[in-house]
Amino acid sequence: MRKGNLIKMAAPAILSAAMMVSGLPVMAADFTSDTAVETEAQTDEFDAADDTADAFAGDEETPFVDDQAAAEDEFAATAETGYKYVYAGLTWAQYWASEGVYNAANTASNGTKDSHDELDKGGFDTVTRATVNHGLHRGSYQCEAIMYDKNGGSYEISYWTSANDAVLTDGTTVKLNQPERGQITKADGSVAEFDHYSVVGLKYVPVAVKAEDYEAFKSQFKIVEDGSTIAGGFGENNLQSYSAVADVTAETNGLKEAVKGSDGTFTFKARTNGTGSGLKDQALQTASNVTATVKEASGSYGEFLRVDITGDGYGALGAKMYAVKWDYYGNGNKVL
């Protein structure tokens, strides 16, 4: 991660239902205007920032926003039979808009290519870029990932069964030759030239929506209802694929309430802490047996600040974590 000063960060992990980001952390942070964000990932380690071992192993008592307790009280008062509880696919901007994240809706490009001949496309572009550079399959754990061919065709990925073979959200399969990523072979045997790959958001966010608004909600978002299967990834070393049955309730950890506006579109309230996992017959888990090691850094402008998360539990954490919020302190004790 790169920023203007050596920083102190807090990383409260969202440990609900299904949780992760393509083998690397979502870098959604409160930054000053002159800072940039980049991520690096390695095959056998997850790179995050800060002394996160305690944060990941904790009970998630730390709120995302100052009025978290009030938000939870308000939501508890409305969590009645008049709501439908489902998983929904949200873009980064939709997810982070209510979480007190600086410039969360920024998707603008700076128009200048970097040393990798790529454009910085906004606040969450690092997620797509790092995923592409370190294995397309890593975008399928907790993220909505789409592969495109040069004819304009698109392939919405549900999960990968190997580094080459993907199952799409419609149940069909495709094969991508690796590591060249040159051609996509479809289920019918036809071939298309691979163009690019994008990670556009989170695919399994637990959401509560008023029953009267549910049909409108379904027409705008990809949803997974209770009793349906959720799945992601494929196994490699300690990082394992998963398949589970959705079971979202008012007590699901990380639940967001969807609010229908006068124009018919939806926004989302801040996430709430809960006691449920959102998975049938599975208890809510916290990370264990992980060690965070802060690497040496000089604090110079623009350098990478690196923390390696290792230990027996890093694979489980990586496969289940879907979002991390970073607090930027600069040189002081106040969150900027």
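A short reminder: the numbers here are calculations on the coordinates, not readings from a lab. What you see is a predicted model, and the numbers here were worked out from it, not measured in a lab. Neighbour counts are summed over all protein chains in view; Cβ atoms, including those assigned to glycine, are modelled from backbone coordinates with ideal geometry.
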Practice prompt. Can you pull the one-decimal nm distance between simple spin-label points at Ala163 and Ser300, each 7 Å off the Cα toward Cβ?
Written response: 3.4 nm
Worksheet item: When ranked by the protection proxy of mean other Cβ atoms within 10 Å per residue, highest first, what sequence do the peptides 135-145, 226-236 form?
Response: 135-145, 226-236
Worksheet item: Can you give the charge dipole size of region 155-260 about its Cα centre, rounded to the nearest 20 debye, using +1 on the beta carbon of Lys and Arg and -1 on the beta carbon of Asp and Glu?
Response: 140 debye
Worksheet item: Nearest 0.05, what FRET efficiency do Ser262 and Ser109 give at R0 = 30 Å with Cβ-Cβ as r?
Response: 0.45
Worksheet item: Taking R0 as 35 Å, what's the FRET efficiency between His196 and Ala216 from their Cβ-Cβ distance, rounded to 0.05?
Response: 0.65
Fill in: 24 Å Cα-Cα threshold exceeded, pairs from Lys84/Lys203; Lys186/Lys280; Lys218/Lys260; Lys113/Lys334; Lys113/Lys222
Lys186/Lys280; Lys113/Lys334; Lys113/Lys222
